[in-house]
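Before any comments, here is the structure.
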Amino acid sequence: MAVADEARHDPTLSPRAAVQAKPRFETPVVPRNSIAGSALIAVVAIMTFLASLTTGAVILVGQAAGEWQADVAREVTIQVVPAPGRDTDDVVDKAAAAARSFPGIADVRVFSKEESSKLLEPWLGNGLSLNELPIPRLIVLRLAAGAGADMAQLNRVLAAQAPGAMLDDHRGWIDRMRAMARSVVGGGITILILIVAATVLSVTFATRGAMATNRNVIEVLHLVGAKNGFIANNFQRHFLVMGLQGGAIGGGAAILIFLIAALIGRWTAGSAAGDQSAALFGSFSLGLFGYVAVLGQIVLSALVTALTSRHTVNRTLDAID
């Protein structure tokens, strides 16, 4: 104002000079650096980290379950249980011969008595004498690719040519694997819903706190004619940036953990612990789809943060009006 008054009384001072001499202060409606903002970034980072871990775990278990089902579905087993008066070796030979001549069977492997006994070592331990136990003899049949073998017909053939041989198509195991995979996916979705709900509540409280802290600024903006959309846009941009920062930190940490787990899985491949982990979780490699899903979690965290903030601001301003 002083520069403008001086321009009126001093004709040598041009209006452009007066305008350029006017100081300008561009400050955001919501302060960028605050303790509450840093705390919200940490909360979003933690939530994104947990959501990414949950998503990755569901993908790994789903992949492992799919591999289990594919392996089990490609094989069927014939069991011959020793019984009094039964020539077990003769029944095994007849069952193997019947399986080899059956259409749709690509390979037949007959387990010896010693090999069948070794299958019990992980549960019973080493050094036990199993000679007196009626351990079933196993015949593993691998199905030909693309050929659907008629299990019911094979069962009838075995009953006629090798009495005492029992066919197991592993259908019960496949159903259990599918049920387990569905349970894991359902549990993962439930956890993700809870994480999103916790994030929404955290952002809501943070937005209300920011509005309470900057109440004077908001009231002045109302007095000069600022619309609710202008104020809401400022809050939305502010919280969108914080959501991206927190999401990038949490999602990046999750990706790093999965990469480290994949490297450890490669280093321990061939060991007992590595084989057990690989059997349960696969190779710990998320693949392209898994990493895209984690990146999607980062974007989702930012969108949830921004949209929740805008909704909270609009509701608060409507209540004030």
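Counting every C-alpha pair in region 62-119, the share spaced more than 17 angstrom apart comes to 53%.
Take the convex hull of the alpha carbons in region 194-271; its mean projected area over all directions comes to 7.1 nm². The three principal axes of the C-alpha atoms in region 137-228 carry coordinate ranges of 95, 25, 16 Å, sorted with the longest axis first. When the inverse distances between all different Cα atoms of region 162-214 are averaged and flipped, the Kirkwood radius reads 15.3 angstrom.
Between Ala226 and Ala293, the C-beta separation translates, for a Förster distance of 35 Å, into a calculated FRET efficiency of about 0.30. Scalar couplings 3J(HN,Hα) for region 289-303, obtained by applying the Karplus form with A = 6.51, B = -1.76, C = 1.60 to θ = phi - 60°, are 4, x, 5, 5, 5, 5, 4, x, 4, 5, 5, 4, 4, 5, 5 Hz; x denotes Gly and Pro. Give the value in nm², to one decimal: projected area of the alpha carbon convex hull of region 73-230, averaged over all directions. That works out to 18.1 nm², a quarter of the Cα hull's surface. Applying 1/(1 + (r/R0)^6) with r as the Cβ-Cβ distance of Met180 and Asn314 and R0 = 41 angstrom yields a FRET efficiency of 0.40. Run the paramagnetic zone check for Ala160: 7 angstrom along Cα to Cβ, then residues of region 83-115 with backbone nitrogen under 17 Å. What the label zone holds, given the 17 Å backbone N cut-off, is 94-104.
Values in this text are rule-based calculations from the coordinates and carry no lab data. Not measured: the values here are computed from a predicted model. Here Cβ is always computed from backbone atoms with ideal geometry, including for glycine, and neighbour counts include all displayed protein chains.
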